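**Student:** One structure is given below, represented as structure tokens, and several questions about it will come after.
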Amino acid sequence: MSFQNFIIQHQDKPYTTIYQSSKGGTIVCEEKASKYIYKYKSGEKFLRLQVDGGLISDQNTLKCDYLLLNYTKINKITHYHSIFIELKGSDLTHACEQILATIESLNNNLKGSILHARIVLSKVPKPNVQLNKLKEQFVKKYQCTLFYQSRLIEEESDKNGYPSHSRYKGN
């Protein structure tokens with residue numbers, strides 16, 4: 001299934017929220033002490049899918065909390081971005097595993113999309129060797145950007161539709 005068909009198939013589901021405004025707006029994903037905020041611009045279209053308990057309801061399957069799908073036309077070219085979001089306590093390694101499992105599960109549906117992973121932790125993570133291997137897998141296997149931070153990540157699109165790294169807050 002193509003990215004466009006994936007959007008069409010899921011846009012009317014109860015676990016999906018559509019964001020589109022001529023003025024832009026804000027998308028919030030929040031759980032306990034972790035919060036992800038995305039400020040979108042005029043002309044951008046987003047679907048926010050609740051993955052855990054929505055898109056993927058199997059309790060025995062690793063999955064992230066949310067998936068933002070962005071499809072934006074820039075200079076007559078449509079750009080597709082998929083932002084996987086995990087809101088977590090302090091287990092950064094497990095959060096990475098959840099996002100990687102979700103990417104693996106949905107990868108065929110997201111072909112042509114640029115992948116991004118965002119993890120918001122309620123506590124500062126402890127670095128470990130396994131985490132470095134997981135980070136490499138994001139880049140090598142999926143060409144996926146990964147950013148994590150405690151408490152809050154606030155982003156917006158840059159001029160090419162990529163999530164901007166200039167508005168990270170927290171720690």
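The values are calculated or read from the model by the stated rules, or taken from the named source; none is laboratory data. The structure presented is a predicted model; accordingly, all values stated were derived computationally and were not measured. For neighbour counting, all protein chains shown are included, and Cβ atoms are generated from backbone atoms with ideal geometry for every residue, glycine included.
**Student:** Test of understanding: among LEU115, LEU92, LEU131, which residue is under 14 Å from the mean Cα position of the chain (by Cα) and not acidic (Asp, Glu)?
**Tutor:** Details: LEU92 fails: under 14 Å from the mean Cα position of the chain (by Cα); LEU131 fails: under 14 Å from the mean Cα position of the chain (by Cα).
Just one listed residue meets the conditions, LEU115.
**Student:** A further question on this structure: Before we move on, is LEU121 farther than 30 Å from SER21 by Cα and either acidic (Asp, Glu) or within 17 Å of the chain's Cα centre (by Cα) (or both)?
**Tutor:** No; evaluated as a whole, the condition is false for this residue.
**Student:** Does LEU146 meet the test of being touching a residue at least 40 places away in the same chain (Cβ under 8 Å), crowded, with 17+ Cβ neighbours inside 10 Å, within 24 Å of GLY53 (Cα to Cα) and over 12 Å from the mean Cα position of the chain (by Cα)?
**Tutor:** Answer is no for this residue.
**Student:** How many residues does region 98-137 contain that are in contact with a helix residue (DSSP H, G or I) (Cβ under 7 Å, 6 or more places away or on another chain), under 16 Å from LEU62 (Cα atoms) and either assigned to a helix (DSSP H, G or I) or of a type in the set (Phe, Trp, Tyr) (or both)?
**Tutor:** Selection size over region 98-137: 3.
**Student:** Got a sec? Which of ILE56, ILE27, ILE18 is among the aliphatic types (A, V, I, L, M), surrounded by fewer than 18 Cβ atoms within 10 Å (Cβ to Cβ) and modelled with pLDDT of 90 or more?
**Tutor:** Result of the check over ILE56, ILE27, ILE18: ILE18.
**Student:** Now a separate question. Residues that are part of a helix (DSSP H, G or I) and either at pLDDT 90 or above or on the phi < 0 side of the Ramachandran plot (or both): does region 77-92 have at least one?
**Tutor:** yes
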